[in-house]
Amino acid sequence: METLKLQGLLDRIAAQMAAEPERGQVATYIPELAKIDPARFGIAVALASGEVLSAGDAAEAFSIQSISKVFTLAIALGRLGDQLWSRVGREPSGLAFNSILQLEQENGIPRNPFVNAGALAVTDAILQGHQPREILAELLRFIRLAADDDAIHINDAVARSEQATAHRNIALAEFMAAMGNLRNPSPLTIGTYVHQCAVEMSCRQLASAGRFLMGGKGSPRLVSPARMRRINALMMMCGHYDGSGEFAYQVGLPGKSGVGGGILAIAPNEASIAVWSPGLNHRGNSKLGTEAIEILAREMGWSVFD
Ligand code: GLN
């Protein structure tokens, strides 16, 4: 009965979002992403029972972009444990995802693992002593295991397209190198980073991959419960950059956005939610994606603040 109600709700949300004229702006600074049709909309919910419900374009693969930072963080914490925190902080930045401002003021230590500078530090940390292809293979292994789906892959055209226009990220990486917070030559770290961002998944695959952050019975144990809670805390405080406070206020769940228009949100013990709508708001987070998760969370009574 619950499932029927949820399926009806997802169908209603998808219909409402399909009819929405104001869809935000598709990211254009990565040329391949500029080609994506802003009319696309997909939503999927992986439940503790193991069921995955969805509506709209939920089987279509999209570029997960910064959502990949959740998976690399999980791998980095597994590899380095608390040592990682000597290289990156755990505070919200209150600034755009690609901002360079704080990096100089704070001696090359990025605020958190989800702003670009922080994600570059995390990727750099797991790359140390390895080849980029080994790290990307490990990332795909982790995501495929989490999603229980071996078809998940990296879109090379998207990676190359970002690589060719990665001036800001190169500036962030080089600045960190100057401050002694980069261990690999920056082209290796950037090359790995743009490929991790170019992982493609459908909403159904992403919702399934997020179950390891859900906890409870339906959650594959890829990280310890303590680490799972901490990754969720970081998603809550930093997952939407300078829009994190607004997302917490509107939605009330930990979430991570990407400039491909995807959002992964976690309702602890209940569900892993993925939504995709390519148009972004002025903070670079999916406009309709946020609205859709807000409706879903409200109607289902899902909040971490109950
Ligand atoms: N690959 C993108 C970048 O570095 C990711 C940013 C994002 O999704 N917010 O600009």
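The values are calculated or read from the model by the stated rules, or taken from the named source; none is laboratory data. Just so it is clear, the structure is predicted and the values come from calculations on it, not from any experiment. Neighbour counts run over all protein chains shown; Cβ positions are idealised from the backbone, glycine included.
The criterion of at least 2 residues that are within 11 Å of the ligand (Cβ to nearest atom) and touching a helix residue (DSSP H, G or I) at 6+ places or on another chain (Cβ under 8 Å) is met, among strands (runs of 3 or more DSSP E) falling completely within the stretch 239-295, by 255-257, 262-267. Kindly indicate whether any position in the stretch 72-88 is touching a residue at least 40 places away in the same chain (Cβ under 8 Å), under 20 Å from the mean Cα position of the chain (by Cα) and within 16 Å of the ligand (Cβ to nearest atom). Checked the stretch 72-88: at least one residue is touching a residue at least 40 places away in the same chain (Cβ under 8 Å), under 20 Å from the mean Cα position of the chain (by Cα) and within 16 Å of the ligand (Cβ to nearest atom).
Conditions (1) of a type outside the set (A, V, I, L, M, F, W, C); (2) free of Cβ contacts under 8 Å to residues at least 60 places away in the same chain; (3) farther than 22 Å from Arg111 by Cβ, marked per residue:
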position	(1), (2), (3)
Arg221	yes, yes, yes
Val251	no, yes, no
Pro268	yes, yes, yes
Ser272	yes, no, yes
Val275	no, no, yes
Gly289	yes, yes, yes
Ala292	no, no, yes
Arg298	yes, yes, yes
Trp302	no, yes, yes
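Every condition in (1) among the polar types (S, T, N, Q); (2) within 16 Å of the ligand (Cβ to nearest atom); (3) farther than 20 Å from Leu80 by Cα holds for Gln205 except the one numbered (2).
Looking only at residues in the stretch 172-183 that are part of a helix (DSSP H, G or I) and surrounded by fewer than 16 Cβ atoms within 10 Å (Cβ to Cβ), the one that is nearest to the ligand (Cβ to nearest atom) is Glu174. Of all residues in the stretch 5-32, which are within 16 Å of the ligand (Cβ to nearest atom) and not β-branched (Val, Ile, Thr)? Gly24, Gln25, Ala27, Tyr29, Pro31, Glu32 - these are the residues of the stretch 5-32 that are within 16 Å of the ligand (Cβ to nearest atom) and not β-branched (Val, Ile, Thr). If you check Tyr241 against the conditions, is it buried (at least 20 other Cβ atoms within 10 Å of the Cβ) and closer than 24 Å to Ala96 by Cβ? Judged against the criteria, Tyr241 is a match. Filtering the stretch 75-95 to residues that are surrounded by 21 or more Cβ atoms within 10 Å (Cβ to Cβ) and of a type in the set (Phe, Trp, Tyr) leaves nothing. Just for the stretch 184-222: of the residues that are part of a loop (DSSP other than H, G, I, E, B) and surrounded by 21 or more Cβ atoms within 10 Å (Cβ to Cβ), which one is modelled with the lowest pLDDT? My answer is Ser219.
Residues in the stretch 131-171 that are charged (D, E, K, R) and either within 15 Å of the ligand (Cβ to nearest atom) or surrounded by 15 or more Cβ atoms within 10 Å (Cβ to Cβ) (or both): 7 in all. Within the stretch 55-75, the residues that satisfy the criterion of being part of a loop (DSSP other than H, G, I, E, B) and closer than 30 Å to Ala117 by Cβ are Ala61, Ile64. The set of residues in the stretch 21-54 being surrounded by fewer than 17 Cβ atoms within 10 Å (Cβ to Cβ) and either part of a loop (DSSP other than H, G, I, E, B) or aromatic (Phe, Trp, Tyr) (or both) consists of Pro21, Glu22, Thr28, Tyr29, Lys35, Asp37, Pro38, Ala39, Ser49, Gly50, Glu51. Take the conditions (1) under 25 Å from Ser219 (Cβ atoms); (2) surrounded by 15 or more Cβ atoms within 10 Å (Cβ to Cβ); (3) more than 12 Å from the ligand (Cβ to nearest atom); (4) in contact (Cβ under 8 Å) with a residue 24 or more places away in the chain; Arg111 misses just one of them, which is (1). The condition of being modelled with pLDDT of 95 or more, crowded, with 24+ Cβ neighbours inside 10 Å and not in a loop (DSSP other than H, G, I, E, B) holds for only one of Ala15, Ala117, that being Ala117.
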